[in-house]
1. Of the conditions (1) of a type outside the set (D, E, K, R); (2) in contact (Cβ under 8 Å) with a residue 24 or more places away in the chain; (3) over 29 Å from Asn28 (Cα atoms), Ser155 clears all except one; give me its number.
2. Does segment 106-123 hold any residues that are surrounded by 15 or more Cβ atoms within 10 Å (Cβ to Cβ) and under 18 Å from Lys193 (Cβ atoms), and which are they?
3. Does at least one position in segment 75-85 carry a residue that is touching a residue at least 40 places away in the same chain (Cβ under 8 Å), over 24 Å from Val32 (Cβ atoms) and not basic (Lys, Arg)?
4. Look at Ser70 and say whether it is touching a residue at least 24 places away in the same chain (Cβ under 8 Å), on the phi < 0 side of the Ramachandran plot and not assigned by TED's automatic domain parsing to the domain that holds Asp21.
5. Take segment 153-170 and flag every residue that is modelled with pLDDT of 80 or more and either under 14 Å from Arg246 (Cβ atoms) or surrounded by fewer than 19 Cβ atoms within 10 Å (Cβ to Cβ) (or both).
6. In the list Ser70, Ser101, Ser143, Ser118, which residue meets the criterion of being within 26 Å of Val59 (Cβ to Cβ) and among the hydroxyl-bearing types (Ser, Thr, Tyr)?
7. In segment 85-105, is there at least one residue being more than 27 Å from Asn26 (Cβ to Cβ), small (Gly, Ala, Ser) and outside the structural domain of Asn34 (by TED's automatic domain parsing)?
8. Quick check on my filter: what residues within segment 184-213 are among the acidic types (Asp, Glu) and farther than 17 Å from Glu122 by Cβ?
Amino acid sequence: MYFCSNFTIMTVITPEQKLADVILKNYNLIPVVNSFGIELGFGDKTIKAICTEHQIDAVFFSVLLNMINSASYVIDKHISILNTNQLVDYLRRTLRNYKTSQISVIDIHIAQLMASSSDKNEHLQLIENFFSQFKIEFNQYESDINNALYGVIESAYACFLQEKEYIFGLEYPDFELFRERFYQLNEKLSDMKSLLIKYLSGSFDRRIRNAIIYIISRFEEDMHDSMRLQYKLLKPMTKEMFDKIRIEHE
């Protein structure tokens, strides 16, 4: 059967595939791989072989790659609760990396954009103020989610591993609250992009403006990828873990 070349057939990533082949098809997977301490230069090794070397569950890692690779990917394998901490660590690192990569780069570009303007541009000042407020809210979001979501999950994971009594006051975390706050942050990025596209005019370097729009767009996609992992993978794993802890100590 033949398909029109305008359509891309999404291939499911499996542990038996060569990791280099997978990344060559989607460069956006490089940060995911690097987050697990896997550096490029692994030759023709399969995902399974590389995961064995780095003591990573190959099925879990493949599911992670699939979820980042395709928003339509449906998890068809059971992911062990034992991978919970690895996923939390990955999500924590991802939040930190946003500040040192996308947010930092946008900051630099905004400064360059303002410096490129030969006149006082109110829209440029508005964009700078808007992004400054975004950074404040992002930092608060990171602090809150690290404590009230990831911290709670890590405490429950310690209980699960050590088969300790259920910690008094340890409640199932509010995933919906952080999902809502995520969408608020993402909406601010979209609003900023709209400002750059719809209203920014006058004297300034158009190339820098266009670069900021591209970086914001990539940032939005990255944030959606992380939220999908948090909601579609971490949430059910956390629920299963809490249920098992309660059953074991009833």
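The values are calculated or read from the model by the stated rules, or taken from the named source; none is laboratory data. All figures in this text were calculated on a predicted structure; none of them were measured in a lab. All Cβ positions, even for glycine, are placed from backbone atoms using ideal geometry, and neighbour counts span all protein chains on display.
1. All conditions pass for Ser155, except number (2).
2. Correct list: Ile106, Asp107, His109, Ile110, Gln112, Leu113, Met114, Asn121, His123.
3. There is no residue in segment 75-85 that is touching a residue at least 40 places away in the same chain (Cβ under 8 Å), over 24 Å from Val32 (Cβ atoms) and not basic (Lys, Arg).
4. No.
5. Scanning segment 153-170 gives Glu154, Ser155, Ala156, Ala158, Cys159, Phe160, Leu161.
6. Criteria check complete, one pass: Ser70.
7. No, that holds for no residue.
8. Matches in segment 184-213: Glu187, Asp205.
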